[in-house]
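For reference, the structure discussed in these notes is given below.
The values are calculated or read from the model by the stated rules, or taken from the named source; none is laboratory data. All values reported here derive from a predicted model rather than from experimental measurement. Here the Cβ positions follow ideal geometry from the backbone for every residue, glycine too, while neighbour counts run over all protein chains shown.
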Amino acid sequence: MKLIEPTTEYCLQIKAYRKEFLDCGDSMDGTGGLRQFDDPEDWIDYLDRHKDPQRIPKGRVPSTQFIFVREEDNKIVGMIDIRHFLNEYLENFGGQIGYSVAPSERRKGYASQMLKAALLKCKELGIDNVLITCIDNNEGSRKTILANGGLYESTVYDPDEKVFLERYWIALSK
């Protein structure tokens, strides 16, 4: 398994990943706004702008998007987005990491592996404590966070999304 930034080499797979989520009506957490883009190259350009603090839209923070690729067949099985720091919204609701696994690839342990790899990237970015949130009834995400050292802090209500979110912290300075 490898965690890499998306490139045009993966355009067909990115398109298929997006379609799989749209077809099943599932949320596309941690995909850096992929839902909005029919053309993967436009999405990759959008992601490049979000890494540069000078080019990000107001109210957003720099972030780095990764795809999680199974090396045996070079297939994208998941995506994860790391926000370099927290703004008010992220501190209250979104957290520093969002992730998803393709519906056809779930329950294979990929989320835990992907989060573990992303936490190493967070450490490289100088992030000592990572906030991750999940919807309160998402047992798979909760288990993934706990398996990676997440410590439960609280549950909050997000009025925009109309969901209860569990907040977890993972300390990386140890």
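Determine the pairs where a residue that is part of a loop (DSSP other than H, G, I, E, B), located within the range 48-62, has a partner that is of a type in the set (S, T, Y) with Cβ atoms under 9 Å apart, the partner being 6 or more residues away or on another chain.
Listed pairs, sorted by first residue: I56/S63; G59/Y89.
Quick one: in the range 92-111, which of the residues that are in a helix (DSSP H, G or I) and surrounded by fewer than 17 Cβ atoms within 10 Å (Cβ to Cβ) is modelled with the lowest pLDDT? Spell out the reasoning first.
The initial filter retains those residues of the range 92-111 that are in a helix (DSSP H, G or I), namely 92-94, 103-105, 110-111.
Imposing the further condition that a residue be surrounded by fewer than 17 Cβ atoms within 10 Å (Cβ to Cβ) reduces the set to 92, 103-104.
Numbers: N92: 91, P103: 95, S104: 95.
Residue satisfying both the conditions and the ranking: N92.
Which of the residues spanning the range 78-94 are touching a residue at least 60 places away in the same chain (Cβ under 8 Å) and over 10 Å from the mean Cα position of the chain (by Cα)?
N92, F93, listed by residue number.
If V69 satisfies all but one of (1) free of Cβ contacts under 8 Å to residues at least 12 places away in the same chain; (2) surrounded by 14 or more Cβ atoms within 10 Å (Cβ to Cβ); (3) closer than 14 Å to T7 by Cβ, what's the number of the condition it fails?
Just one mismatch for V69, condition (1).
From the set of residues in the range 20-35 that are more than 14 Å from H50 (Cα to Cα) and free of Cβ contacts under 8 Å to residues at least 24 places away in the same chain, which is farthest from the chain's Cα centre (by Cα)?
D23
Within the range 141-165, restricting attention to residues that are touching a Cys at 6+ places or on another chain (Cβ under 9 Å) and part of a helix (DSSP H, G or I), which residue is surrounded by the most Cβ atoms within 10 Å (Cβ to Cβ)?
So, considering only residues that are touching a Cys at 6+ places or on another chain (Cβ under 9 Å) and part of a helix (DSSP H, G or I), the one surrounded by the most Cβ atoms within 10 Å (Cβ to Cβ) is I145.
Give the residue that is surrounded by the most Cβ atoms within 10 Å (Cβ to Cβ), with candidates limited to residues of the range 119-140 that are in a helix (DSSP H, G or I) and of a type outside the set (D, E).
The extreme case among them is C122.
Quick test of your reading of the structure: Y89 fulfils all but one of (1) outside any loop (DSSP other than H, G, I, E, B); (2) over 27 Å from I14 (Cβ atoms). Name the failing condition by number.
All conditions are met except number (2).
Listed here are the residues, each with its yes/no results for (1) among the basic types (K, R); (2) in contact with a Phe, Trp or Tyr (Cβ under 7 Å, 6 or more places away or on another chain); (3) more than 24 Å from G109 (Cα to Cα); (4) surrounded by 13 or more Cβ atoms within 10 Å (Cβ to Cβ).
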residue: L3; (1), (2), (3), (4): no, yes, no, yes
residue: T8; (1), (2), (3), (4): no, no, yes, no
residue: K15; (1), (2), (3), (4): yes, no, no, yes
residue: R18; (1), (2), (3), (4): yes, no, no, yes
residue: D23; (1), (2), (3), (4): no, no, no, no
residue: M28; (1), (2), (3), (4): no, yes, no, yes
residue: D39; (1), (2), (3), (4): no, no, yes, no
